[in-house]
2 protein chains.
Amino acid sequence: MTTSAARPYHHGNLREALLAAGERALEAGGAQNLSLRELARDVGVSHAAPRRHFADKQALLDALAQAGYEQLEATLTAAAAAGGADFDGRLLALARAYVSFATERPALVDLMFASKHQAGAASELAQAGERSFAPALAAVADGQAAGAVVGGDPERLAKVAFAVLQGLVVLANNGLVDDASLDELVAEAVQRLVLGLRPR
Amino acid sequence: MTTSAARPYHHGNLREALLAAGERALEAGGAQNLSLRELARDVGVSHAAPRRHFADKQALLDALAQAGYEQLEATLTAAAAAGGADFDGRLLALARAYVSFATERPALVDLMFASKHQAGAASELAQAGERSFAPALAAVADGQAAGAVVGGDPERLAKVAFAVLQGLVVLANNGLVDDASLDELVAEAVQRLVLGLRPR
DNA sequence: ACCTGAACACCGTTCAAGT
DNA sequence: ACCTGAACACCGTTCAAGT
């Protein structure tokens, strides 16, 4: 019952502490410059200690990416709820939420969407990625039910919608779009998308 | 006049040789696993030799990214010419060309579009990036002139169009879209885009 | 002008050993 | 079960010195 936990002998919380330090290191210098030994130092354990919790550096990066997908899913779920019932408003709310999320954490988003997580890889990661995609899919499906969106495979249409946003994030994070015009551009893209998806 | 160049004493071609080896290493293992020392070994020089040509590893990566933008520009220029005069066909040709380019060189595209090249960085790189964007911009501007595209800032519309494609590439390179349905999805996205950009 | 060889400080990973 | 310390093979970067 040592709830005060001055340090439960064997640190006790190493996995979470490493992830937290990893998030900080990631935004500070990108996955490239993240050092496992440095994280261990930050957290106050020997450089070999992380091994118990992460088989190697990639495993820690994967865990960071997965945590990112979970944050993203929560963010988008909240935005979709706040966006109201009509398709246009909900899509715009999702778009703004996603673009904010991604431009605030460029290194994390690079890590989440760099083409490293193909094939068999970590299927937990793939599943987290797919779950984060659900709010957009639901928006499209509801839009179809309400007659605001053409028929067809909702997953395919949602992927198109998501692709637009992902692309805008890439443009923004590369400085091809300055912050001032980004929101304008997001609005424009959503409007074009809504028009393009409208039944005719 | 030793045109036969069995090795012009001081290698002679080190910069280009390193870039070529770098391209191979990049596709083999990503920027993360690219080692300057390994490139030097591949090319047959000491590990300190690259320093004359690239100040550090990042400089070599930047040069690879720049070469990538130049390849991309050439690819898109050719595709735009082959795509014909009408907006729909030209946009589809651009889209297919870009998606092929990017899915064939995932690591290069990650390098080109990872959020590392912001701020002042290498402005040659930024310029190469902007030049590669010109064919899409021209397609939109011509589309406006021909009455197939709504008015407004053509650069903003072109960025929306580019964003769609970039997003599809991310989806494809992450295994969220399998190769079989990718072309279908590209066609769908272009169609939605064309409809969304149409004057009404 | 271009390259080499030795050196420095760092890294990821492994493994016996400690508690 | 969890962590340490020493060890290994590698890395990027620097700098005197060679040609």
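Criterion first (surrounded by fewer than 17 Cβ atoms within 10 Å (Cβ to Cβ), within 11 Å of chain A (Cβ to nearest Cβ) and of a type in the set (A, V, I, L, M)) does B:Ala114 satisfy it?
no
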*asked:* For segment A:39-56, which positions are within 9 Å of DNA strand C (Cβ to nearest atom) and surrounded by 15 or more Cβ atoms within 10 Å (Cβ to Cβ)?
replied: A:Leu39, A:Ala40, A:Ala49, A:Pro50, A:Phe54
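Could you list, in sequence order, all residues of segment B:170-190 that are of a type outside the set (Asp, Glu), at the interface with chain A (Cβ under 8 Å from one of its Cβ atoms) and free of Cβ contacts under 8 Å to residues at least 60 places away in the same chain? Please lay out each step first, then the result.
So the first thing to find is which residues in segment B:170-190 are of a type outside the set (Asp, Glu), and the list is B:170-177, B:180-182, B:185-187, B:189-190.
From what's left, at the interface with chain A (Cβ under 8 Å from one of its Cβ atoms): B:170-171, B:173-177, B:181, B:185, B:189.
Those that are of a type outside the set (Asp, Glu), at the interface with chain A (Cβ under 8 Å from one of its Cβ atoms) and free of Cβ contacts under 8 Å to residues at least 60 places away in the same chain: B:Val170, B:Leu171, B:Asn174, B:Gly175, B:Leu176, B:Val177, B:Ser181, B:Leu185.
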*asked:* Given the criteria within 16 Å of DNA strand D (Cβ to nearest atom), under 27 Å from A:Ala134 (Cβ atoms), modelled with pLDDT of 95 or more and of a type in the set (Lys, Arg), does A:Arg15 qualify?
replied: yes
_Single unsatisfied condition, A:Arg96 versus (1) crowded, with 17+ Cβ neighbours inside 10 Å; (2) modelled with pLDDT under 95_ = (2)
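With the structure loaded, tell me whether A:Ala138 is without any contact (Cβ under 8 Å) to a residue 24 or more places away in the chain, over 23 Å from B:Val186 (Cβ atoms), away from every other protein chain (no Cβ under 12 Å) and not in a loop (DSSP other than H, G, I, E, B) or whether it fails that test.
Details: without any contact (Cβ under 8 Å) to a residue 24 or more places away in the chain: no; over 23 Å from B:Val186 (Cβ atoms): yes; away from every other protein chain (no Cβ under 12 Å): yes; not in a loop (DSSP other than H, G, I, E, B): yes.
Spelling it out, it is not the case that A:Ala138 is without any contact (Cβ under 8 Å) to a residue 24 or more places away in the chain, over 23 Å from B:Val186 (Cβ atoms), away from every other protein chain (no Cβ under 12 Å) and not in a loop (DSSP other than H, G, I, E, B).
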*Looking only at segment A:121-132, decide whether some residue is more than 22 Å from A:Ala79 (Cβ to Cβ), in the same structural domain as A:Ala81 (by TED's automatic domain parsing) and crowded, with 17+ Cβ neighbours inside 10 Å.*
yes
*Taking interchain pairs and intrachain pairs at least six residues apart, which have beta carbon atoms under 6 angstrom, with the first residue in segment A:24-51 and within 14 Å of chain B (Cβ to nearest Cβ) and the second of a type in the set (Lys, Arg) and near DNA strand C (Cβ under 6 Å from one of its atoms)?*
A:Leu36/A:Lys57
*Taking into account only those residues within segment B:141-155 that are closer than 19 Å to A:Leu168 by Cα and assigned to a helix (DSSP H, G or I), which is nearest to the other protein chains (Cβ to nearest Cβ)?*
B:Glu155
_I'm told B:Ala158 meets every condition in (1) in a loop (DSSP other than H, G, I, E, B); (2) closer than 13 Å to B:Leu94 by Cα except one. Can you identify the failing condition by its number?_
(1)
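The values are calculated or read from the model by the stated rules, or taken from the named source; none is laboratory data. Being a predicted model, the structure only gives us computed values, none of them experimental. Don't worry about glycine lacking a Cβ; one is built from the backbone with ideal geometry, like all the others, and counts go over all protein chains shown.
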